[in-house]
Amino acid sequence: MGSTVTEATDPWCLRAGESVELLRGHPWRRFVVLGDSVAEGLCEPVEGYPDLQWADRIAAELRAVRPELAYLNLGRRGLRAHEVRAAQLGPALAFAPDLALVVCGGNDAFRPGYDPAAVDAELTALVGALRDAGADVVTVGMFDVSHSPAVPAALRAGLGERMRLLAAHTRALGERLGTLHVHLTDHPLVADPSLYSSDGRHGSARSDAIAAAETVRVLGARLAASDAR
């Protein structure tokens with residue numbers, strides 16, 4: 001993949017000048033990220049794609065329009081949803097964000113005992129507190145990593161079912177709570193092996209580039225809708 005497609009030629013990534021146009025005049029000044037390893041950034045390098053993880057990419061695109069943007073990434077690998085809330089919500093609120101990205105639940109869904117209601121409750125508490133503090137909140141339906149070639153065949157069906165269930169619950173929660181939702185789970189490239197790292201748990205630099213593009217487009221759509229009012 002890296003030898004034939006680069007970020008500059010990848011049709012699923014941001015086109016030259018697209019982000020600046022979409023985010024022109026954006027209001028956000030303080031951007032915080034909460035979550036697990038996906039938030040922290042553990043993408044595997046891919047030839048032709050900058051080694052810059054998803055949340056850092058979003059911050060860079062926001063800063064291209066508003067250089068004074070303050071950015072705090074609280075994401076830490078291995079955390080389940082209740083641990084994200086316990087460890088990160090307080091520092092996030094203290095940062096006084098006006099934009100927050102929340103991505104967690106994947107480590108819960110990796111377990112056969114995944115409890116959708118329990119994860120929903122943690123996400124609701126996280127999103128609700130951030131919204132009450134005045135922040136716009138981005139939620140995410142993650143790429144379905146069960147398509148990774150590194151996932152053992154015997155585990156794929158169960159993991160895929162749980163990942164899709166997590167994504168459906170997160171999207172419904174986002175609709176209910178008024179988040180900006182980025183749905184990657186049904187992306188046309190979700191089964192492309194180039195999107196996944198060799199550990200069977202995380203994405204590649206290509207998936208992070210695509211996720212950043214989709215996130216910027218969601219932010220841009222919100223801005224366009226606000227301008228149309």
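The values are calculated or read from the model by the stated rules, or taken from the named source; none is laboratory data. All of these numbers come straight from a predicted model, not from anything done at the bench. Quick reminder, even Gly has a Cβ in these numbers, built from the backbone with ideal geometry, and neighbours come from all protein chains shown. Calculation scope for accessible area: heavy atoms of the full protein, side chains included, ligands and nucleic acids excluded. Shrake-Rupley method; radii C 1.70, N 1.55, O 1.52, S 1.80 Å.
Observations on the model:
- Between Arg63 and Arg15, residue separation times 0.36 nm minus the direct Cα-Cα distance comes to 15.6 nm.
- Rounded to the nearest 500, the 222 nm mean residue ellipticity of the chain from helices alone is -14500 deg cm²/dmol, with -39,500 (n - 2.57) taken per DSSP H run of at least 4 residues.
- Net charge in the neighbourhood of Glu68 (other residues with Cβ under 13 Å of its Cβ; Lys, Arg +1, Asp, Glu -1) is +3.
- Span-rule helices in the chain, defined as complete DSSP H runs reaching 20 Å or more along the axis (Cα) with Kyte mean at least 0.5: 116-132
- Radius 15 Å from Cβ of Val127, net charge of other residues (Lys, Arg +1; Asp, Glu -1): -2
- For the stretch 1-99, the solvent-accessible area with a 1.4 angstrom probe is 49 square angstrom per residue.
- In the stretch 99-218, the portion of solvent-accessible area held by carbon and sulfur atoms comes to 54 percent [1.4 Å probe, whole percent, DNA, RNA and ligands not counted].
- Linear extension gain, Arg222 paired with Glu47, 0.36 nm per residue minus alpha-carbon span: 59.7 nm
- Formal net charge of residues neighbouring Leu180 (Cβ-Cβ distance under 15 Å; K, R +1; D, E -1): 0
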